[in-house]
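Quick notes on the structure that follows.
Every number in this text was worked out from the coordinates using simple rules, so none of it is lab data. Because the structure is a prediction, the values reported are computed rather than measured. Glycine gets a Cβ as well: all are built from the backbone with ideal geometry, and neighbour counts include every protein chain shown.
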Amino acid sequence: MDEKKLIKEKLPKHIAIIMDGNGRWAKKRSLARIMGHRKGMEVVREVVRTCHELDLEVLSLYAFSSENWQRPRSEVKALMTLLKRYLRSEIAELHKNNIKMNAIGDLKRLPEDVVSLVHEAIEKTKDNKGMVLNVALSYSGRGEIIRAVTEIGQKILTHQVQPSAIDETMLSQYLDTAGLPDPDLLIRTSGELRVSNFLLWQIAYTEMYVTDVLWPDFKKEDLYNALDDYQKRKRRFGLTDEQIRSN
Ligand code: FPP
């Protein structure tokens, strides 16, 4: 698929990616799992650059799930080191490209040095008006919804919120993604057909695209293929074809 064949007006505003398959990529080469994550990080660099060039509004990356804390300590440690390395080496380029960094998830569970680098990146890029790079760290969709509901519950107790005022718009404002549009396209690499607790609320009407390509092998071309496939979809949001045509 050639980039030039994509229709600019029909590009998604928000792409979310479940970057899966690092471990399998390493195993196929008899390498340690962390080598897969390392190659995965290089792919992150490339994909961020491409999405910035495509003028995307938001790119959400599932970098570390709440469940990932249960992985072997050595792998968790190595992933945290990679994250720090990514932030240290990319922050200047992100800023230069007018990219605004955002992080979602239960950040307080992360090691202090990681949190402080994440906050530094957010602070440095907070006034940027280009693409939002939204990184999910220590994130689970259910956990995010529970945190939102707890906050609303507390406001009900102090009479700042009326239960009858709760609607989809209000709940969305209490999620970590408040202010961001819902993803139009969710890409998952490495062939698994599941959403793995990623952006559960936000993907209600998101188009899904699954490729067998393992994340460390994911190239520009694979992203263009996903976009080409997306552009051929008819998004109906629960309406009929006729209703969509008359809108
Ligand atoms: C899933 O592959 C991938 C992860 C749990 C980590 C993703 C991290 C990166 C791509 C690198 C760092 C990210 C940033 C944003 C700098 P897996 O290990 O579950 O693969 P498997 O299913 O083949 O075992």
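Pairs please, first residue from region 177-195 and of a type in the set (Ser, Thr, Tyr), second anywhere and away from the ligand (no atom under 16 Å from the Cβ), Cβ atoms under 7 Å, 6+ apart in sequence or on different chains.
What qualifies is Thr177/Gln202.
Of the conditions (1) within 15 Å of Ser138 (Cβ to Cβ); (2) within 11 Å of the ligand (Cβ to nearest atom); (3) surrounded by 20 or more Cβ atoms within 10 Å (Cβ to Cβ), Gly105 fails just one. Which one is it?
All conditions are met except number (2).
Does Val58 qualify as being of a type in the set (A, V, I, L, M), crowded, with 21+ Cβ neighbours inside 10 Å and out of contact with any Cys (no Cβ under 8 Å at 6 or more places or on another chain)?
Details: of a type in the set (A, V, I, L, M): yes; crowded, with 21+ Cβ neighbours inside 10 Å: yes; out of contact with any Cys (no Cβ under 8 Å at 6 or more places or on another chain): yes.
Criteria met by Val58.
Could you give every pair whose Cβ atoms fall below 6 Å, whose first residue belongs to region 34-48 and is in contact (Cβ under 8 Å) with a residue 60 or more places away in the chain and over 19 Å from Leu59 (Cβ atoms), and whose second residue is aliphatic (A, V, I, L, M) and more than 6 Å from the ligand (Cβ to nearest atom), counting only separations of at least 6 or pairs across chains?
Close Cβ pairs (under 6 Å, with a partner that is aliphatic (A, V, I, L, M) and more than 6 Å from the ligand (Cβ to nearest atom)) amount to Gly36/Ala26.
Just name the residue that is nearest to Trp69 (Cα to Cα) out of those in region 124-151 that are among the hydrophobic types (A, V, I, L, M, F, W, C) and crowded, with 19+ Cβ neighbours inside 10 Å. Write out each step before concluding.
Residues of region 124-151 among the hydrophobic types (A, V, I, L, M, F, W, C): 131-133, 135-137, 145-146, 148-149.
Subsequent filtering for residues that are crowded, with 19+ Cβ neighbours inside 10 Å retains 131-133, 135-137, 148.
Working: Met131: 29, Val132: 26, Leu133: 23, Val135: 16, Ala136: 14, Leu137: 11, Ala148: 22 Å.
Out of the qualifying residues, it is Leu137.
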